[in-house]
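**Student:** Sharing a structure below in structure tokens format, with a few things to ask.
The values are calculated or read from the model by the stated rules, or taken from the named source; none is laboratory data. On a predicted model such as this, the values are computed, not experimentally measured, just so you know. Note that we place each Cβ from the backbone using ideal geometry, even for glycine, and neighbour counts take in every protein chain shown. Side chains included, ligands, DNA and RNA excluded: accessible areas come from the protein's heavy atoms. Shrake-Rupley method; radii C 1.70, N 1.55, O 1.52, S 1.80 Å.
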Protein chains: 2
Amino acid sequence: MRWLPEPARESLTLATVLHALSDPVRLELVRRARVTPDSTCAVLAEGMDVPMSTLTNHFRIMREAGVVSMAVDGRHRRIRVRADDLRDRLPGLLDLVLRLAETDQAPV
Amino acid sequence: MRWLPEPARESLTLATVLHALSDPVRLELVRRARVTPDSTCAVLAEGMDVPMSTLTNHFRIMREAGVVSMAVDGRHRRIRVRADDLRDRLPGLLDLVLRLAETDQAPV
């Protein structure tokens, strides 16, 4: 697998990470990716009625914000939430947001 | 004072609130508004090198997301963070984000 470029841990910022999490589809993708690490994008998006081009854009926003790592695996892209980096830079944020997302109205 | 329209407490959503907080200028405005409730927009933005039209837009985004209430007071607009509503709908989020914002690199 080849990992796509991503920001270093120390350059993650609160505003950018909040923006990456500020969309119902992205929140749901992160929630699923947290549950099943290294899933392909296609598997993560299963059952969502979202065009592939939109999904690609969502994954790019999350990768560029430092929320997920993304690897090229043949014809697939695999996703891993950067939980350790986020915990280091923004302690408590990811866990709280995912917990709140579960109790929020089902958005997708 | 006349309060401008804002979403009801029960219609606040995680994604919209995260989006309202996902900008360094808005984060700083919320932080200041939390410290000094009912300040005018002009006072909250003191020392920020941000055009008034941009500030107006920021305050509108935060009001429409349910993060702040905004009152018309003569020629002024006064801002109050909806801390109780946010705590009720998204427990812990505002406090955590403001705490993280303080330790994040000074953004503005």
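**Student:** Hey, for A:R75 with labels 7 Å out along Cα-Cβ, what do the inter-copy distances come to in nm, ordered shortest first?
**Tutor:** Copy-to-copy label distances at A:R75, shortest first: 6.7 nm.
**Student:** Okay, next question. May I ask you to list the trypsin sites (Lys or Arg not before Pro) in the range A:15-103 that are in a DSSP loop and have at most 11 other Cβ atoms within 10 Å of their Cβ?
**Tutor:** Qualifying residues, ordered by number: A:R75.
**Student:** Then there's this: Kindly give the distances from A:M48 to its copy-mates, label point to label point, with each label point 7 Å from Cα along Cα→Cβ, as nm values to one decimal ordered shortest first.
**Tutor:** Ordered by increasing distance: 3.1 nm.
**Student:** Rounded to the nearest 500, what is chain A's calculated 222 nm mean residue ellipticity when only DSSP H runs of at least 4 contribute -39500 (n - 2.57) each, over all residues? Don't jump to the answer; show the numbers that get you there.
**Tutor:** Working: 6 runs with 55 residues, N = 108.
Rounded to the nearest 500, it is -14500 deg cm²/dmol.
**Student:** Carbon and sulfur atoms: what percent of the 1.4 Å accessible area of chain B do they account for?
**Tutor:** On the way: 2710 of 5430 Å².
C and S atoms contribute 50 percent here.
**Student:** Right, here's the next one. Please identify, among B:E46, B:E28, B:E64, the residue showing maximal mean-square fluctuation in a Gaussian network model of chain B using a 10 angstrom Cα cutoff.
**Tutor:** Result: B:E46 has the largest fluctuation of those listed.
**Student:** Here's something else I'd like to know. With the label 7 angstrom out along Cα to Cβ, how close does A:V35 come to the same site in each of the other copies, in nm, nearest first?
**Tutor:** Ordered by distance, the counterparts are at 4.2 nm.
**Student:** In square angstrom and rounded to 100, what buried accessible area do you get between chains B and A, total over both, with the probe at 1.4 Å? Let's see the in-between values first.
**Tutor:** Values: alone 6260 and 6250 Å², together 10850 Å².
Counting both chains, the buried surface is close to 1700 Å².
**Student:** Under a 10 Å cutoff between Cα atoms, tell me which one of A:T40, A:T16, A:T56 has the largest fluctuation in the Gaussian network model of chain A.
**Tutor:** Of A:T40, A:T16, A:T56, the Gaussian network model singles out A:T56 as fluctuating most.
**Student:** Quick one: grab the alpha carbon gyration tensor of chain A, order the square roots of its eigenvalues as a ≥ b ≥ c, and give me rounded if a/c is under 1.5, else prolate or oblate depending on whether a/b is larger than b/c. Show your work: numbers first, answer last.
**Tutor:** On the way: a/c = 1.66, a/b = 1.06, b/c = 1.56.
Oblate is the answer for chain A, as a/c is 1.5 or above yet b/c matches or exceeds a/b.
**Student:** Got a sec? Which residues of the range B:1-45 lose 20 Å² or more of accessible surface with every protein chain in place, vs. that chain alone, 1.4 Å probe?
**Tutor:** Buried by the other chains: B:L14, B:A15, B:L18, B:H19, B:S22, B:L27.
**Student:** A further question follows. How large is the dipole of the range B:2-103 about the Cα centre if only Lys and Arg carry +1 and Asp and Glu carry -1, each at its Cβ, rounded to the nearest 20 debye? The partial results should precede the final answer.
**Tutor:** Details: 16 positive and 14 negative charges, 41 e Å.
In debye, rounded to 20, the range B:2-103 gives about 200.
**Student:** Under 10 Å, Cα contacts only: if you run a Gaussian network model on chain A, which one of A:P24, A:P51, A:P37 comes out with the highest mean-square fluctuation?
**Tutor:** Maximum among the listed residues: A:P51.
**Student:** Compute accessible area for the range B:65-108 by itself and then with all protein chains, 1.4 Å probe, and report residues whose area falls by 50 Å² or more.
**Tutor:** Flagged in the range B:65-108: B:L96, B:L100, B:D104.
**Student:** Sticking with this one: Counting heavy atoms of the protein chains only and a 1.4 Å probe, report the per residue accessible area for the protein assembly as shown as a whole number of Å². Show your work: numbers first, answer last.
**Tutor:** Details: 10850 Å² over 216 residues.
Dividing the accessible area of the protein assembly as shown by its residue count gives 50 Å².
**Student:** For the range B:63-108, what is the relative contact order in percent, using Cα pairs closer than 8 Å and at least 6 residues apart in sequence? Each step should come with its number before you reach the end.
**Tutor:** Values: 29 pairs, mean separation 10.7, N = 46.
Across the range B:63-108, relative contact order equals 23 percent.
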